[in-house]
1. Enumerate the pairs (first residue in the stretch C:206-233 and among the acidic types (Asp, Glu); second residue anywhere and open to solvent by less than 70 Å² (accessible area, probe 1.4 Å)) with beta-carbon separation below 7 Å, excluding pairs fewer than 6 apart on the same chain, so at least 6 apart or on different chains.
2. In the stretch C:78-102, how many are open to solvent by less than 10 Å² (accessible area, probe 1.4 Å) and in a helix (DSSP H, G or I)?
3. One residue is enough: does the stretch C:159-182 have a residue meeting the conditions at pLDDT 85 or above, of a type in the set (Ser, Thr, Tyr) and out of contact with any Phe, Trp or Tyr (no Cβ under 8 Å at 6 or more places or on another chain)?
4. In the stretch A:21-66, how many are within 12 Å of chain B (Cβ to nearest Cβ) and not in a helix (DSSP H, G or I)?
5. Which residue out of C:Val245, C:Val227 is farther than 18 Å from C:Gly90 by Cα, under 19 Å from the mean Cα position of the chain (by Cα) and within 14 Å of chain A (Cβ to nearest Cβ)?
6. Given the criteria aliphatic (A, V, I, L, M), away from every other protein chain (no Cβ under 11 Å) and farther than 22 Å from A:Ala66 by Cβ, does B:Ala5 qualify?
7. Out of the residues in the stretch C:162-186 that are more than 27 Å from the chain's Cα centre (by Cα) and open to solvent by 40 Å² or more (accessible area, probe 1.4 Å), state the one that is nearest to the other protein chains (Cβ to nearest Cβ).
8. Would you call B:Ala47 open to solvent by less than 40 Å² (accessible area, probe 1.4 Å), under 23 Å from A:Gly28 (Cα atoms) and at pLDDT below 85?
Amino acid sequence: METNDGEAHLRKPRRREVPGVGLAMRLGTELVVSTMVGTGLGYMADHWLKSSPWFTVVFLFFGAAAGIRNVYRLVNTNTDSAST
Amino acid sequence: MDATAAALIGMGLAALGFAGSGVGLGVLFGKAIEAIARQPAAEAQLAKYIWIGMAFVEAVALYGLVVAFIIMGKA
Amino acid sequence: MTATAPVVAAAAPKMDPLHHFHVTKYLDFDYLGIDVAISNSVLWMWIAAGLVLLFFHLAFKNPRIVPGRLQSLGEAGYLFIRGIVDDIVGEKGRPFFPYIFTLFFFILFCNLAGLIPGSFTVTSQLIVTATFSLTIVGFSFAYGFYLHGTHYFKFFVPTGVPVLLMPLMIPIEIISFLARPVSLAVRLFANMTAGHTMLAVMFLYVVTLPWWGAWVPFGFTVIFTGVEIFIGFIQAYIFTILTCVYINDSIHMH
């Protein structure tokens with residue numbers, strides 16, 4: 001991390017976000033939280049529209065897909081340039 | 001059996017999901033180290049898949065935790 | 001559990017490892033129906049904020065060209081956060097630097113102050129971390145909307161995806177956006193709570209085991225306190241990084 005010469009790294013933002021340990025701590029929660037948010041949205045939609053299991057099931061899978069997509073994107077942006 | 005006691009036992013059983021996560025982490029990192037030892041040049045490519053696999057393995061344990069918390073809310 | 005519980009309870013009255021997460025009110029205030037009581041959570045937030053102020057006041061009280069120990073620590077902290085902001089957001093992130101700096105040091109000092117025995121960990125309350133994360137994500141959404149107008153909603157439309165898959169991809173993108181504040185809050189909360197509960201359980205073993213067995217959990221607590229300091233730092237760092245990433249997403253849309 002070259003923080004000593006103020007202006008050299010101002011040209012374009014880089015997308016290397018977190019080194020190893022931070023990445024390890026982010027990944028697990030990302031997957032679970034996405035699934036939970038999806039399921040919660042489906043549950044609320046069911047509660048609102050009185051259509052018991054349908055939205056919950058559909059949004060459960062949407063949430064899981066969102067979690068997997070998040071994890072995949074996170075790993076792709078963080079391991080390409082960084083030398084692990 | 002008392003309903004609260006049954007709920008507490010259920011919480012403990014839900015937390016057993018951590019065992020699966022432990023097995024998964026052991027297999028994952030054991031195999032990963034083996035693969036890197038065989039082919040050290042492939043480490044940078046393998047790292048990506050190790051992280052993705054770790055996310056899924058860790059998620060198993062956290063799903064167990066979520067189930068335990070849901071049961072705690074019902075009890 | 002039920003057979004041994006009375007014996008343990010007789011030996012020491014407070015054997016609940018979750019005891020130090022309880023919010024107790026010291027002074028009860030009520031302002032227009034809103035509960036603004038001074039609890040131990042509020043008190044330790046003030047202490048953490050006071051420690052941050054004290055640290056930077058002492059570090060930059062009489063600045064010199066060749067910095068002393070405290071001053072170089074303060075300068076290192078400043079350069080660290082500035083490096084993060086410049087790395088991730090770039091030049092347009094400069095207006096947000098003071099907020100991100102404050103956020104990092106407040107969370108860091110809250111995490112570290114929670115390790116003092118008898119203290120209260122502010123960041124182990126979900127409502128505190130949820131307030132932080134909802135503020136950040138709500139602000140970044142509003143700022144992106146202010147900068148880009150309705151064009152900002154293209155954020156939810158992924159590029160390079162066939163039109164046929166759009167009804168599938170757009171809900172996924174929306175859910176993954178809504179998961180941002182939740183995961184930000186839950187991560188900090190869960191890490192702090194889990195670590196401190198672990199420490200409390202180990203200390204409970206130190207008290208309940210006989211002297212020839214007690215040194216095993218005691219040694220573990222010594223090591224684990226070091227790990228907790230590291231985790232407190234890493235969690236504050238991740239929180240800061242993600243704040244920068246979200247602000248960057250609303251400035252430079254991908």
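1. What qualifies is C:Glu228/C:Leu115; C:Glu228/C:Gly195; C:Glu228/C:Leu199.
2. 8
3. Yes, the stretch C:159-182 contains a residue that is at pLDDT 85 or above, of a type in the set (Ser, Thr, Tyr) and out of contact with any Phe, Trp or Tyr (no Cβ under 8 Å at 6 or more places or on another chain).
4. Residues meeting the conditions: 0.
5. Values: C:Val245 fails: farther than 18 Å from C:Gly90 by Cα.
Answer to the selection: C:Val227.
6. Details: aliphatic (A, V, I, L, M): yes; away from every other protein chain (no Cβ under 11 Å): no; farther than 22 Å from A:Ala66 by Cβ: yes.
In short, no.
7. Among those residues, the one meeting the criterion is C:Leu168.
8. On the way: open to solvent by less than 40 Å² (accessible area, probe 1.4 Å): yes; under 23 Å from A:Gly28 (Cα atoms): yes; at pLDDT below 85: yes.
Yes.
The values are calculated or read from the model by the stated rules, or taken from the named source; none is laboratory data. Please read all numbers here as calculations on a predicted model, not as lab measurements. Glycine gets a Cβ as well: all are built from the backbone with ideal geometry, and neighbour counts include every protein chain shown. Side chains are part of the model used for accessible areas, which takes the heavy atoms of the whole protein and leaves out ligands, DNA and RNA. Shrake-Rupley method; radii C 1.70, N 1.55, O 1.52, S 1.80 Å.
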